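Before any comments, here is the structure.
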Amino acid sequence: MADTIEVLIQEEQIDARIRELAKQIDADYAGKSVVLLTTLKGACFFACELAKRLTIPVFMEYIQAASYEGKSSTGTLTMKLDIPADAITGKHVIIIEDVIDTGRTLSAVKELIRSRSPASLAVCSLLDKHECRVVPFEGDYIGFSIGNDFVVGYGLDWDQKYRNLPYIGIVR
């Protein structure tokens, strides 16, 4: 039986919001370069689209931290891919995330990156599920605030399916 996916955020809305975020980041980092530290795999689509719209110099780095299996958080952070400290020490770093939900993963990632002495550190997330927080965490740049629905598309997946959808949708 095929899954039914209800569109939550249209592709055009995502594109417009990414353009707004890029303008805000360009203004905040005027005259500086930034390292976009993208969390794999979910944030790749968002990071690439954001990077294309930034006018400041951008360097791309990647990490992979996992805390989900299927639709559920395991509560345990596993670093599957890390970067050397010299890639971010003394640099302006923006962690690019697909969705902030419990806050556990990003809190741990942010502390790890902070320990490597970046010049500055911010978080930019396409989505924010604020009602899901179990640890206090706030992003610096947020695309959309959404409810507690499990969403797919635009890089977000359900067991590796649906990443390629050009919109954000809810699996029904």
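The values are calculated or read from the model by the stated rules, or taken from the named source; none is laboratory data. Fair warning: this is a prediction, and the values are worked out from it, not measured in the lab. All Cβ positions, glycine included, derive from the backbone under ideal geometry; neighbour counts span all protein chains shown. All accessible areas refer to the heavy atoms of the entire protein, side chains included, with ligands and DNA or RNA removed. Shrake-Rupley method; radii C 1.70, N 1.55, O 1.52, S 1.80 Å.
Just checking, does region 150-165 include any residue being part of a helix (DSSP H, G or I) and surrounded by 18 or more Cβ atoms within 10 Å (Cβ to Cβ)?
No, there is no match, as no residue in region 150-165 is part of a helix (DSSP H, G or I) and surrounded by 18 or more Cβ atoms within 10 Å (Cβ to Cβ).
From Lys52, Lys80, grab the single residue that is at pLDDT 95 or above and either in a strand (DSSP E or B) or open to solvent by 30 Å² or more (accessible area, probe 1.4 Å) (or both). Even if it seems obvious, please write down each step before you answer.
Details: Lys80 fails: at pLDDT 95 or above.
Residue meeting the stated conditions: Lys52.
Considering region 154-172 alone, what residues qualify as being in contact (Cβ under 8 Å) with a residue 60 or more places away in the chain and closer than 25 Å to Ala108 by Cα?
Tyr154, Gly155, Leu156, Asp157, Trp158, Asp159, Arg163
Condition test on Gly143, is it on the phi > 0 side of the Ramachandran plot, of a type outside the set (S, T, N, Q) and surrounded by 15 or more Cβ atoms within 10 Å (Cβ to Cβ)?
The answer is no for Gly143.
So which residues in region 19-49 are surrounded by 17 or more Cβ atoms within 10 Å (Cβ to Cβ) and assigned to a helix (DSSP H, G or I)?
Across region 19-49, the qualifying residues are Leu21, Ala22, Ile25, Cys44, Phe45, Phe46, Ala47, Glu49.
Specify which of the listed residues (Ile168, Ile113, Ile100) is aliphatic (A, V, I, L, M), over 14 Å from the mean Cα position of the chain (by Cα) and open to solvent by less than 30 Å² (accessible area, probe 1.4 Å).
Ile113
Taking region 92-133 only, how many residues are touching a residue at least 24 places away in the same chain (Cβ under 8 Å), acidic (Asp, Glu) and not in a strand (DSSP E or B)?
Matching residues across region 92-133 total 1.
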